[in-house]
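Each remark here refers to the structure printed beneath this line.
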Amino acid sequence: NAGVTQTPKFQVLKTGQSMTLQCAQDMNHNSMYWYRQDPGMGLRLIYYSASEGTTDKGEVPNGYNVSRLNKREFSLRLESAAPSQTSVYFCASSGTSGVLYEQYFGPGTRLTVT
Amino acid sequence: QKEVEQNSGPLSVPEGAIASLNCTYSDRGSQSFFWYRQYSGKSPELIMSIYSNGDKEDGRFTAQLNKASQYVSLLIRDSQPSDSATYLCAVNLGGTASKLTFGTGTRLQVTL
């Protein structure tokens, strides 16, 4: 099993360009998440999908859109990239284990917006 | 007040010693607590999860939870240089089971 995979690993965009970050999981998890990680800010939730067909905003959704394409795939789109969106983006997924929702992370995408 | 607080460190411990990492959280309704390890340039890796008061042990790692005092800690016994990393505490705040709020992490340095 590959777990959670993300593409691309690195990306450089110019201000105003758009792009889609792809995420897929093969663990049959119901829930999927997009985070960004910035120095000193920790991991912040952008959007999440508790189950196929649903999406909800997290802490920092402005400037982003998401699509839960099917149970396996959850994409994050930047419509008009801004330098403030320079960050490392992580996708995660979780199933359930009793009351626990253990989240497992992909390898990340390092995005630079110039 | 931050919702999940951790000392940023660095916490420096000699090889073979016990490293103690602490985390406090704001919401008494929280039920699930997690510790992640993150090496520089890598993604977070789940190492412990706990939801009942008390201790949970897994190898050299022990997670301790005290809901009354709203803190969770991670002990690493026989610390090794390979344990040098940032440790992230995560909590499901507000009773939403599937959403986690992360602390900013404690950087641990294990010295030879």
Report Rg(Cα)/(2.2 N^0.38 Å) for chain B, keeping two decimals.
1.01
Over the protein assembly as shown, what lengths in whole Å, largest first, do the semi-axes of the equivalent ellipsoid take, defined as the square roots of 5 times the eigenvalues of the alpha-carbon gyration tensor?
30, 20, 16
Proximal lysines relative to A:LYS57, as straight alpha-carbon distance under 16 Å, when same-chain residues fewer than 8 apart are discounted:
B:LYS99
Cα to Cα, under 17 Å, and not fewer than 8 places away if on the same chain: which aspartates and glutamates meet these conditions relative to A:LYS9?
A:ASP38, A:GLU73
Listed by chain and number, the residues whose amide H is under 5 Å from that of B:GLY9, excluding neighbours fewer than 5 places away on the same chain and using placed H, are B:ARG107
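Could you tell me the calculated FRET efficiency between B:ASP55 and B:ASN7, based on Cβ-Cβ distance and R0 = 25 angstrom, to the nearest 0.05?
Details: r = 21 Å, r/R0 = 0.83.
The pair B:ASP55/B:ASN7 has a calculated efficiency of 0.75.
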Whichever lysines have a C-alpha closer than 19 Å to that of B:LYS56, once near sequence neighbours (fewer than 8 apart) are set aside:
B:LYS67
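May I ask you to derive the FRET efficiency for A:MET41 and B:GLN31 from their Cβ-Cβ distance with R0 = 22 Å, giving the value to the nearest 0.05?
Values: r = 25 Å, r/R0 = 1.14.
It comes to 0.30.
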Ranked from the most accessible area to the least, with a 1.4 Å probe and all protein chains present, what is the order of A:ASP38, B:ASP58, B:ASP27?
B:ASP58, B:ASP27, A:ASP38
Accessible surface of B:ARG107 in the full protein assembly, 1.4 angstrom probe, to the nearest 10 Å²?
110 Å²
How large a share of the accessible area of chain A, in percent, is made up of carbon and sulfur atoms when the probe is 1.4 Å and the other protein chains stay in place?
48 percent
What FRET efficiency do you get for A:SER80 and A:SER51 if R0 is 35 Å and r is their Cβ-Cβ distance, rounded to the nearest 0.05?
0.75
Taking amide hydrogens as modeled 1.01 Å from N in the peptide plane, which residues meet the under 5 Å criterion relative to B:ALA85, leaving out close sequence neighbours?
B:LEU108
For region B:64-112, residues shielded by at least 40 square angstrom of accessible area compared with the chain on its own, probe 1.4 Å
B:ALA97, B:SER98, B:LYS99, B:LEU100, B:PHE102, B:THR104
In Å², what does the accessible area per residue of chain A work out to with a 1.4 Å probe?
46 Å²
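Please arrange B:LEU112, B:LEU74, B:LEU11 by accessible surface area, largest first, computed with a 1.4 Å probe and ligands excluded. Mind showing how you got there, number by number?
Numbers: B:LEU112 170, B:LEU74 0, B:LEU11 50 Å².
Listed by decreasing accessible area, they come as B:LEU112, B:LEU11, B:LEU74.
The values are calculated or read from the model by the stated rules, or taken from the named source; none is laboratory data. All figures in this text were calculated on a predicted structure; none of them were measured in a lab. Glycine gets a Cβ as well: all are built from the backbone with ideal geometry, and neighbour counts include every protein chain shown. Note: accessible area is taken over every heavy atom of the protein model, side chains too, but ligands, DNA and RNA are not part of it. Shrake-Rupley method; radii C 1.70, N 1.55, O 1.52, S 1.80 Å.
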